[in-house]
Amino acid sequence: MPDKTILSAKDLDFFYGPAQALRHITANIPANQVTAFIGPSGCGKSTFLRTINRMNDLIPIARVTGSLTFHGRDIYAPGVDVTALRRQIGMVFQKPNPFPMSVYDNVAYGPRTHGTCDRAKLDAIVEDSLRAAAIWDEVKDRLKKSALSLSGGQQQRVCIARALAVRPEVLLMDEATSALDPISTAKIEDLILELRERFTIIMVTHNMQQAARISDKTAFFLMGELIEYTATERLFSMPRDKRTEDYITGRFG
Amino acid sequence: MTKRKPAEVSMQILFLLCGLVAVAFVLLITAYLIAAGLPAIRQVGLASFLFGRTWDSTNETDPRFGILPLILTSVYGAAGAIVVGVPIGLLTAIFLAKAAPPRLAGLLRPAVSLLAGIPSVVYGLVGMCVLVPALRAWLNLPAGDSLLAAILVLAVMILPSVIDLSAAALEAVPKEYEEASLALGATEPETWFRVSVPAAKSGIAAAVALGIGRAIGEAMAILMVAGNVANMPSLLRSVRFLTTGIAIEMNYAAPGSLQRQALFSIGLVLFLFIMLINILLSLTVKRGKEV
Ligand SMILES: Nc1ncnc2c1ncn2[C@@H]1O[C@H](COP(=O)(O)OP(=O)(O)OP(=O)(O)O)[C@@H](O)[C@H]1O
Ligand SMILES: [Mg+2]
């Protein structure tokens, strides 16, 4: 079965002011698969992730050239509705960042902002999203409690539920488990494998076992360049590039 | 256990003394206000003092000491100032903390802080020379001195501190909250109103509390624009506040007279008022923090 490409970068360059953070990135990201970005700190993984939902627009000195398309349409074309784009491409951050509101209000935030106010509909969305994020059973009796009273792992799954509540197609996860304990991490990894059926997931991770365990494809970045990008199994068993090999075998800074 | 150095101990004692002096002053003022304020209340009767609708302290045959008009004027005045000043202040704070280009905000923030330092008599002067004649002309009044003029002056006076404190509270909202909201497809204004403002609500409540305190306690500026007749409050009529009630008559009230004692009673009422507001607000702020 040929992979259906959902996101496609071609000769993508990215600059923070004069400093170039991404160089000639060319890659097709398949739909309904898990793609992992790995690479040493500062190599541009987060930068690439945040160009996909245009979160880098918030940085005044940021500049993008080249093309990045979502379903064949250029994300950076003039006139693109950035809020609509971000609804389709959700994001989960490294540090769990629930709003200082109740669990319910956190998950309902997106739909409410986008105009759903019908109580029954919201209830259904909140429950669906929390179930999809594998956190429903733990919070169903405390939906009205502050999300900040949950554990870090629970908070992160509430954040995932919050992202799912706006029904995105793509979920970007930037080291979403790096602040969590092993058990919470395992739960979220299981969750990612389940979510793959319905979403396209792109995750940044420093944990190579994690990339190997749950991703279908892996991309290795080094100093702003995409060094190698292929099926995860292949990348870890027989890397083509010497630098990839050095990195995955730990012979690298 | 190590022995504490003498220098450390003497510093401790110094701090303790300073604290005690400050507390002692507050207690002293409280005690004095109560002692000075009670006699007139006892003589006039608590109910007819608080709820009497006529204040006519200089009438030689039948003086009246009802401060209801003063109480209501102070309440309406402060409420009006909040209703007018807080929305404007909050929107300005959102603009300064979130929307304005950093360089513009860098210019405006100190300017706003500067406004907070202008003496209230200056606000009164501008109100008297500009606002009052303007109101008289626009609304076709016999005189522009009115509750409305006082409310507008108070609103302007509380603006700087409302803006300053709210903007600081908004700036302290963790960026992560706003990023999360934007990443969900919310626009920036949606993010400010639905995430940043709720997250900053205890700081904003403190700003409002400070505004109320200032509005209730202000005397000089409103003395110059309110007309100072002890009418029951009405927006376009001349009114007298608790504070201005004291300020106007204190000069010529004979020592030991009932009039003078009644002025102290007004002071006591004002004091209790401000205490009550502070307690209520600190309770709401605390509750807000727990959510
Ligand atoms: N806001 C910014 N302004 C200027 N330079 C930045 C900014 N954010 C990142 N950079 C730079 O861009 C480069 C890539 O950063 P990026 O955050 O994408 O790395 P990363 O691969 O995600 O690293 P890590 O694994 O540590 O998260 C780094 O050299 C970094 O210093
Ligand atoms: Mg990163």
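The values are calculated or read from the model by the stated rules, or taken from the named source; none is laboratory data. Just so you know, these numbers come straight off a predicted model, no measurement behind them. Glycine gets a Cβ as well: all are built from the backbone with ideal geometry, and neighbour counts include every protein chain shown.
Taking interchain pairs and intrachain pairs at least six residues apart, which have beta carbon atoms under 9 angstrom, with the first residue in region B:33-57 and surrounded by 12 or more Cβ atoms within 10 Å (Cβ to Cβ) and the second part of a helix (DSSP H, G or I) and acidic (Asp, Glu)? From region B:33-57, the pairs are B:57/B:249.
There is no residue in region A:171-178 that is surrounded by fewer than 20 Cβ atoms within 10 Å (Cβ to Cβ) and at pLDDT 90 or above.
Pick from region B:152-195 the residues that are within 30 Å of residue B:239 (Cα to Cα) and in contact with a Phe, Trp or Tyr (Cβ under 8 Å, 6 or more places away or on another chain): which of them is farthest from the other protein chains (Cβ to nearest Cβ)? Taking the candidates together, the pick is B:153. The residue of region B:126-174 that is farthest from residue B:206 (Cα to Cα), among those that are in a helix (DSSP H, G or I) and of a type in the set (S, T, N, Q), is B:161. Among all residue pairs at least 6 apart or on different chains, which show Cβ distances below 7 Å where the first residue, located in region A:26-47, is under 17 Å from residue A:191 (Cα atoms) and the second is assigned to a loop (DSSP other than H, G, I, E, B) and within 15 Å of ligand 1 (Cβ to nearest atom)? These pairs meet every condition: A:36/A:205. When region A:147-176 is filtered for residues that are among the aliphatic types (A, V, I, L, M) and within 16 Å of ligand 2 (Cβ to nearest atom), the ones remaining, listed by number, are A:172, A:173, A:176.
Answer yes if at least one residue in region B:218-237 is part of a helix (DSSP H, G or I) and more than 19 Å from residue B:127 (Cβ to Cβ), and no otherwise. No, region B:218-237 has no match at all. Flag: residue A:48 matches the condition of being touching a strand residue (DSSP E or B) at 6+ places or on another chain (Cβ under 7 Å), hydrophobic (A, V, I, L, M, F, W, C), within 15 Å of ligand 2 (Cβ to nearest atom) and closer than 30 Å to residue B:98 by Cα. Counting the residues of region A:231-242 that are surrounded by fewer than 16 Cβ atoms within 10 Å (Cβ to Cβ) and within 20 Å of residue A:48 (Cα to Cα) gives 1. Looking across region A:16-45, the residues that are on the phi > 0 side of the Ramachandran plot and more than 15 Å from ligand 2 (Cβ to nearest atom) come down to A:17, A:24, A:32. Restricting B:268, B:280, B:272 to residues that are surrounded by 15 or more Cβ atoms within 10 Å (Cβ to Cβ), part of a helix (DSSP H, G or I) and on the phi < 0 side of the Ramachandran plot narrows the list to B:268. Listed by position, the helices (runs of 4 or more DSSP H) enclosed by region A:165-253 that each have at least 2 residues that are more than 16 Å from ligand 1 (Cβ to nearest atom) and touching an Asp or Glu at 6+ places or on another chain (Cβ under 8 Å) are A:208-214, A:232-237.
The single condition from (1) more than 11 Å from chain B (Cβ to nearest Cβ); (2) away from ligand 1 (no atom under 15 Å from the Cβ); (3) in contact with a strand residue (DSSP E or B) (Cβ under 9 Å, 6 or more places away or on another chain) that residue A:9 fails is (2). For region A:178-194, the condition holds for at least one residue, the condition being that it is within 14 Å of another protein chain (Cβ to nearest Cβ), within 16 Å of ligand 2 (Cβ to nearest atom) and in contact with a Lys or Arg (Cβ under 9 Å, 6 or more places away or on another chain).
If you check A:245, A:225, A:194, which single one turns out to be among the charged types (D, E, K, R), surrounded by fewer than 22 Cβ atoms within 10 Å (Cβ to Cβ) and closer than 22 Å to residue A:51 by Cβ?
Working: A:245 fails: closer than 22 Å to residue A:51 by Cβ; A:194 fails: closer than 22 Å to residue A:51 by Cβ.
When all the criteria are applied, what remains is A:225.
Restricting region A:30-63 to residues that are assigned to a strand (DSSP E or B) and surrounded by fewer than 18 Cβ atoms within 10 Å (Cβ to Cβ) leaves a set whose member that is nearest to ligand 1 (Cβ to nearest atom) is A:63. For region A:63-71, the criterion of being more than 16 Å from ligand 2 (Cβ to nearest atom), of a type in the set (A, V, I, L, M) and within 22 Å of residue A:230 (Cβ to Cβ) is met by at least one residue.
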